[in-house]
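The values are calculated or read from the model by the stated rules, or taken from the named source; none is laboratory data. Note that the structure is a prediction, hence the values are computed from the model and not measured. A quick note on method: Cβ atoms are made from the backbone with ideal geometry, for glycine too, and the neighbour counts reach across all protein chains shown. When the accessible area is computed, the model is the full protein with side chains, heavy atoms only, and any ligands, DNA or RNA have been set aside. Shrake-Rupley method; radii C 1.70, N 1.55, O 1.52, S 1.80 Å.
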Amino acid sequence: MASRGQEIADKLTKVGESVLKDIDDGKNPSVDITMRTLSNVYFDEKTGLIRLGDEKQKRYYFNLGQAKKFLQTMLIAKQIKILLEQNKPALSIRQLFYTLKHEIPGAGENTFDIQEESDPIIEDVELMTDSLREELNLIATPNGVLAGPMVVEDKTGDVLDFTRMGSAGGAVPPIVEDDFFHIKEMSADYILVVEKYAVWNLLNQEKYWKKNNCLLLTGKGQPARAERRLLARFGAEYKIPIYVFTDMDPWGYYIYSVYKSGSINLAFFSEKAACPRAKYLGLSVKDVRDFDIPKSSWVKLNDEDYKRMEEIAGYPWFKKEKWQNELADLKKFGYKIEQDALVSKSIEFTANNYLPTKIENKDWFD
Amino acid sequence: MTSAKTSDNAPIAVELAKKQKAISVAEFFEKNRHMLGFDSLPRCLITCVKEAVDNALDACEESSILPDIYIRVRKVDDRILNIVIEDNGPGVQRDVLPRVFGKLLYGSRFHAIRQSRGQQGIGISAAVLYAQLTSGKPARITSRIDPKLPAYFYELKIDTETNEPRIITEKFDDFFTSRGTRIELNMEATYVRGRQSVLEYLRNTAIVNPHARITFIDPYEEKTVFERACDVLPKQPVEIKPHPHGIELGTLIKMLQSTDSLKLGSFLSNSFAKIGGHTMESICKEANLDPNMAPQDLAKDTEGVRRIMAAFQKIKIQAPPKDCLSPITGDLLKKGVTQNHRVDFISTVSRPVNVCRGNPFLVEAVIAYGGDIDTEGRAEIYRIANRVPLMYQQGACAITHAIERINWKNYSLEQPKGAKAPLGPIMIMVHLASTNVPFTSESKDAVADIPEIEDEIELAVREAARDLGRYLSEQKKALDARKKIKMFESYTKELSLALEALTGKDHDRIESQFRDVLARKYSKFIDTSEEPAKDIVPVKDGE
């Protein structure tokens, strides 16, 4: 077992021991749970990261509302410890759920009924042990693919050349830590993150990354932990520009902010899974006139869009003037535009015209 | 009547008078048998047993004897049953015996104002008459009033023309050794089982007469003994004079005619309860009558009698005395019920004596729950009047109506929408004691709907229901707590195993420690129904 794994296993043992100490002292056994609510999340302007505060809540055993969650917490803690000590292959969080799901004898109920019960407790345990899920030997299924001038040695020993991944691209593995995903060579001039796979695929077919010597990455919409962690590594390890290209709507803007600053729910993960250097390339309201995007590809903003815009405008990490203006412009404009819609100009428009022009003119903001 | 007949110069009344004659008791019985409780064949048997048992219980209590009653029913043929009822009562004196059993409307309790089972002196002789009419056989009666005196045996019939006993056989019975009375009848009747059966009647009689021992042998030779639940006779109800508020015109006239008092004033004071000198004067003044007049003179003056009746209502008269009633009392009701039923819970209520139309009455209620009471369907209602179970016409009875007025959901019981009684293993028994129970008919099946009585019944049942409600909600709480404790025990087993995997400590030891701390310090939160603390819920932020 890796020493980091041992360290985490020891922390889990301590959690168990503190529970036993409570019971020795005749106290109501409890564990400290860091609150992952909006009220305990703050934006650290200095680092540009969404961070988690110190607010904690006790989870008690002798409490009708909390007893089951307490039991579930201990079950997950012990299972992770067993997984770490036995050096088993990494499990998905769904598989972990299944290893623990069983009927509690005599209680007429299951330890867990649905995965939605175990997932948040895994996050609790991550916080308890100050570790990442990836370090707990747990994986969430990633969606991401990438292509570009990079060579990686996988944990299996296979060497992957990301210039030779064909039209499908190379998959982002669940764990992208250095011992799983060792980057041997990297010669890209910049990294371009694309929100949607369809757009990424078109760019890949046109060998955009070859023509522009860049790394092309997509998280297929809202990125999973692996894509975010990988972009964070790129940002920290290579001093090359990083651009994010999304739909022109509040959902696209927010995806950008997750890559750049992190998310509320995984605020504790931001340090390792956010890339504050990332810049917003587009689509922006200004692009509509600059590139003369035809009205036929505009879509009216709906109530939900407006609601989400209001929310986003209130987030501290969207308080920069540029973003407040962008949100105000979008509201005034009244339409959203998808990345895909640029093909209405021409199939090659995105690769040959839009992206090179934006990058050449340094037409981005953050 | 045609005009041709009137032309005979004889007044019509003379013609009519020729047709007037005494109606024979047989005819009277045939016309009124339904009113006397002899309608269906199963019911004839119950009525016969009931009349004999009522008499036996009344006689024993009057003589301070703990009743021991034996009933045997046998099949003679497909139509006829042979019924024997034997008691250890005081016996019937030889010279009156033929009339007690062989003459309708002959009894000792008709004019007495106090709580008793039989009243009109019609019951047992009606049974004798019914037996004789349907089987042709005489009643066989043996009685012994003192162990030192011989027992005498009669075979007798009722002369249906004259309503007088006709003795067929009369002899000493050397085999009847103990004191008491035995009657044997052959009659057309049917033996059935179930809710409206002799057995059920006797069971309920035993419950409300816990001082009686009742033995029953059915036609299949099956013996059931309802043992005594107590060895103490109920307090003998005191006989009282009639209260002016309860008197009827005809009765008053009869009393005026037959009184020994020479003056109206002394008649009023001596014959009625709660009329003293002052009240008497006020009544006479109000009625504009001379207290010194002869009562017999007033009897002829219907107007005067009416005035005095009106004065009875107008002048304030004290309520009748209350010691003329004999409640079963809560303790004995409890004993009576639990002697005959296994129950999980029982509550009894004895209401104070109340007065309605000059008649004192009191209500007692029992609610029993669980045990061997049928769990399916509606609550069982048992109606008792002066310690006699009422078996028929439940739906027409004030007791039923009062129970149906109650919203049982208020007492933690299930009551489907529109249902009149609660669901579940519940037994509701109501005893109404009165010097004059107002029945809806002569067959004494159902209590009439008199608001004062219904209200008292409702109050009594509600009081008992409150106890049941408390019991049920405590039960529910205890059940919930047990469930929670069981849940925690299961959780703790699971938790101990997890903690063993985490810390390497033995799970059995961990488990016993948890159990110990839970039992010592934290069991309280399981009992209290306080809102459990909410666990934190992480936000979802569009991921």
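If you check B:472, B:499 for being within 14 Å of chain A (Cβ to nearest Cβ) and buried (at least 16 other Cβ atoms within 10 Å of the Cβ), only one passes: B:499.
Would a scan of the range A:75-90 turn up a residue that is without any contact (Cβ under 8 Å) to a residue 12 or more places away in the chain and in the same structural domain as residue A:207 (by TED's automatic domain parsing)? Scanning the range A:75-90 turns up no residue that is without any contact (Cβ under 8 Å) to a residue 12 or more places away in the chain and in the same structural domain as residue A:207 (by TED's automatic domain parsing). For residue B:355, the stated conditions hold: it is touching a helix residue (DSSP H, G or I) at 6+ places or on another chain (Cβ under 9 Å), open to solvent by 10 Å² or more (accessible area, probe 1.4 Å) and in a strand (DSSP E or B).
Which residues, counting only those in the range A:136-175, are within 30 Å of residue A:124 (Cα to Cα), at pLDDT below 90 and part of a loop (DSSP other than H, G, I, E, B)? A:137, A:140, A:141, A:142, A:143, A:155, A:174, A:175, listed by residue number.
Conditions (1) of a type outside the set (Lys, Arg); (2) within 23 Å of residue A:260 (Cβ to Cβ); (3) within 27 Å of the chain's Cα centre (by Cα); (4) at pLDDT 95 or above, marked per residue:
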position: A:293; (1), (2), (3), (4): yes, no, no, no
position: A:298; (1), (2), (3), (4): yes, no, no, no
position: A:312; (1), (2), (3), (4): yes, yes, yes, no
position: A:316; (1), (2), (3), (4): yes, yes, yes, no
position: A:319; (1), (2), (3), (4): no, yes, yes, no
position: A:345; (1), (2), (3), (4): no, no, no, no
position: A:352; (1), (2), (3), (4): yes, no, no, no
position: A:355; (1), (2), (3), (4): yes, yes, yes, no
position: A:363; (1), (2), (3), (4): yes, yes, yes, no
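Return the pair list, or none, for Cβ contacts closer than 7 Å from residues in the range B:192-212 that are farther than 15 Å from residue B:336 by Cβ and touching a residue at least 24 places away in the same chain (Cβ under 8 Å) to residues that are open to solvent by 10 Å² or more (accessible area, probe 1.4 Å) and among the polar types (S, T, N, Q), at least 6 apart or on different chains. Here the result reads B:199/B:224, each pair linking the range B:192-212 to a residue that is open to solvent by 10 Å² or more (accessible area, probe 1.4 Å) and among the polar types (S, T, N, Q). Within the range A:81-93, the only residue that satisfies the criterion of being modelled with pLDDT of 90 or more and in contact with a Ser or Thr (Cβ under 8 Å, 6 or more places away or on another chain) is A:81.
Restricting to strands (runs of 3 or more DSSP E) lying wholly in the range A:1-109: which have 2 or more residues that are surrounded by 14 or more Cβ atoms within 10 Å (Cβ to Cβ) and more than 12 Å from every other protein chain (Cβ to nearest Cβ)?
Values: elements: A:30-34, A:41-44, A:49-52, A:56-60.
The qualifying strands (runs of 3 or more DSSP E) are A:41-44, A:49-52.
Can we say residue B:449 is touching a helix residue (DSSP H, G or I) at 6+ places or on another chain (Cβ under 8 Å) and outside any helix (DSSP H, G or I)? Step through it out loud before you land on a result.
Working: touching a helix residue (DSSP H, G or I) at 6+ places or on another chain (Cβ under 8 Å): yes; outside any helix (DSSP H, G or I): yes.
In short, yes.
Restricted to the range B:365-406, and to residues that are among the basic types (Lys, Arg) and part of a strand (DSSP E or B), which residue is least open to solvent (accessible area, probe 1.4 Å)?
The initial filter retains those residues of the range B:365-406 that are among the basic types (Lys, Arg), namely B:378, B:383, B:387, B:405.
If we keep only those that are part of a strand (DSSP E or B) too, we end up with B:378, B:383.
Details: B:378: 128, B:383: 7 Å².
Per the stated criteria, the residue is B:383.
Looking for something at positive phi and touching a residue at least 24 places away in the same chain (Cβ under 8 Å) - is there at least one such residue anywhere in the range A:44-60?
Of all residues in the range A:44-60, those at positive phi come to A:48.
In the following step, the residues that additionally are touching a residue at least 24 places away in the same chain (Cβ under 8 Å) were identified as A:48.
For the range A:44-60, residues at positive phi and touching a residue at least 24 places away in the same chain (Cβ under 8 Å): present.
Kindly indicate whether any position in the range A:291-301 is under 25 Å from residue A:216 (Cβ atoms) and surrounded by fewer than 20 Cβ atoms within 10 Å (Cβ to Cβ). Lay out the reasoning, then the answer.
From the range A:291-301, those under 25 Å from residue A:216 (Cβ atoms) are A:291, A:293, A:297; that's our starting set.
Applying the additional criterion that residues be surrounded by fewer than 20 Cβ atoms within 10 Å (Cβ to Cβ) yields A:291, A:297.
Yes: the range A:291-301 contains one or more residues that are under 25 Å from residue A:216 (Cβ atoms) and surrounded by fewer than 20 Cβ atoms within 10 Å (Cβ to Cβ).
Looking across the range A:1-45, the residues that are basic (Lys, Arg) and modelled with pLDDT of 90 or more come down to A:11, A:14, A:21.
Which members of the range B:316-340 meet the condition of being part of a loop (DSSP other than H, G, I, E, B) and open to solvent by less than 30 Å² (accessible area, probe 1.4 Å)? Once the filter is applied, which keeps residues that are part of a loop (DSSP other than H, G, I, E, B) and open to solvent by less than 30 Å² (accessible area, probe 1.4 Å), the range B:316-340 yields B:317, B:320, B:324, B:325, B:326, B:328. For the range A:272-290, give me the residue count where each residue is open to solvent by 10 Å² or more (accessible area, probe 1.4 Å) and assigned to a helix (DSSP H, G or I). Number satisfying all stated conditions: 6. Has the range A:205-213 got at least one residue that is assigned to a helix (DSSP H, G or I), among the acidic types (Asp, Glu), more than 20 Å from residue A:308 (Cα to Cα) and not assigned by TED's automatic domain parsing to the domain that holds residue A:132? Within the range A:205-213, not a single residue is assigned to a helix (DSSP H, G or I), among the acidic types (Asp, Glu), more than 20 Å from residue A:308 (Cα to Cα) and not assigned by TED's automatic domain parsing to the domain that holds residue A:132.
Within the range A:110-123, being more than 9 Å from chain B (Cβ to nearest Cβ) and either in a helix (DSSP H, G or I) or closer than 28 Å to residue A:155 by Cα (or both) holds for A:115, A:116, A:117, A:118, A:119, A:121, A:122.
Scanning the range B:419-448 for residues that are of a type outside the set (Gly, Ala, Ser), open to solvent by 10 Å² or more (accessible area, probe 1.4 Å) and more than 16 Å from the chain's Cα centre (by Cα) yields B:420, B:423, B:425. Of all the residues in the range B:407-418, those that are in contact (Cβ under 8 Å) with a residue 24 or more places away in the chain and either within 22 Å of residue B:327 (Cβ to Cβ) or open to solvent by 10 Å² or more (accessible area, probe 1.4 Å) (or both) number 4. Among the criteria (1) out of contact with any strand residue (DSSP E or B) (no Cβ under 7 Å at 6 or more places or on another chain); (2) open to solvent by 20 Å² or more (accessible area, probe 1.4 Å), the one residue A:199 does not fulfil is (2). Checking every residue in the range A:107-114 against the condition of being closer than 28 Å to residue A:254 by Cβ and at pLDDT 90 or above gives at least one match.
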